[in-house]
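Have a look at the structure below, then the notes.
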Amino acid sequence: MKRNRAYDSVPHAMRGMPYRLDDRAAEIDAATAYVPRKSSRNGVLVFGIATFVAAFVAVLAVARIMAGCIDAIAAGVAAVIALVVSSSVHIALNWEKIVVLRFGKVARIAGPGLYFTIPVIEHGTIRVDQRTMATPFYAERTLTADLVPITVDAVLFWVVWDAEKACTEAEDYFAAVSFLAQTSLREAVGRKTVAEVATSRDELDVEIKNDIEKLATNWGVDIIDVKVRNIVIPDELQEAMSLEAQADREYNARMTVAGAEAELAEMLAEAAKLYDAPDAAMRLRSMLMQYETVRKSASSVVTVPSAVSDGFTDGVGK
C-alpha cells in the first residue's frame, strides 16, 4: 500500500489525533509536506552482522582445529556464542546516549562510540538522541480571553540534556513534550485577547516556553525556543477587525488634522496681534487656504481688494 508522505511528516506523538492536513493553520499539503531526513544507521547494522559472522567463523575454526571436523553440534554452539558476542558489543552514534539497565536498574549511561554489555544481565533500554529537535504543534479553534475561536500553529525547539531522566521520568518523553507544548499553547492563548495574540507574538512565544519548561526540566529536556508560525482568525471577525482598524486610522487622522488646525490658529492669532488688526487672522487663514488650493489644483485665483468688494456691497445695499 502506498504511504502518505504528508502523514509521515506528522510527529508520532500526534498520530491518532484529529490532525487535519488541509487546515490553514498547519499550512501543510500533500504536495509540499516536509519529510524528515534522519541519519542512517546502516553502519551500526553492518557492524552487528559482521560481529556475529566473525564470532561464528572463529568458533568453527577452533572446533575444526580441536575436533578435526565441523558437525551440527559445533555449528549450533558457534551460533549461540556468536549471538552472545553480537549482543554484547554495540555502537552508539556520536549524538546518542544509551541508558543501560542491569537487573532492571540503571547501571550507567553509555556512548557515544563502542560499548559493551553483559548478556542477559544488562541491556540498553533506550537510545536518546541529543540533537536539537523541531516539533510542530498547534491549537485548533482555541478560545481567547474574549471568547474568539482561533487556530495557532507553532514550532518547538528542544533537546534532551539528561538521558537518564528522559528514560526513567517519562514513559515516552517525545510524546510528553509534544502534548505539553500543545496544552501550554492553549492555556497561553486562553489568557489573552485576540488582539493581544495577533500583535504580541514575541510575548506569546516567551510565555509558552516558560510554561513548557516548568515540567519538561524534570524529564531532562531543555526547551531552546518556541516560535508561533501562523495565527488564523475567523473570516467574519477579520472583516470586523479590518473595519475597526480603518475607523481607528481615520479617527487618528482627524485628530491629527484638528491638532494642526489648533496650532495654526494660535500662530495666526499671534500674527494678527503683530498687524494690530483683529480680523487679520481670518484673512491670513483665507490666504493660506487659497495657496493650498492653487498648489494642489494648479488653477488660477484672482484676489480682489477688500475696498472694491465693499464698494460693490454698498451699491447693492442702496
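The values are calculated or read from the model by the stated rules, or taken from the named source; none is laboratory data. No experiment lies behind these values; they were computed from the predicted model shown. Virtual Cβ from ideal backbone geometry, glycine too; neighbours counted across all protein chains shown. SASA here: full protein model, heavy atoms, side chains in, ligands and nucleic acids out. Shrake-Rupley method; radii C 1.70, N 1.55, O 1.52, S 1.80 Å.
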Quickly work out the VAL159-to-LEU143 label distance, labels modelled 7 Å from Cα along the C-beta direction, and quote it in nm with one decimal.
4.0 nm
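Going down the table (LYS105/LYS209; LYS192/LYS214; LYS192/LYS227), which pairs top 27 Å between alpha carbons? Walk me through the intermediate numbers first.
Values: LYS105/LYS209 33 Å; LYS192/LYS214 20 Å; LYS192/LYS227 17 Å.
Violating the 27 Å Cα-Cα cut-off are LYS105/LYS209.
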With label points built 7 Å along Cα→Cβ from the Cα atoms of VAL206 and GLU292, find their separation and express it in nm.
4.3 nm
Looks like the stretch 55-193, by Cα gyration tensor root eigenvalues a ≥ b ≥ c and the a/c under 1.5 rounded cutoff (else prolate when a/b is bigger than b/c, oblate otherwise), is prolate
When the accessible area of the stretch 123-182 is split by element with a 1.4 Å probe, what percent falls to carbon and sulfur?
52 percent
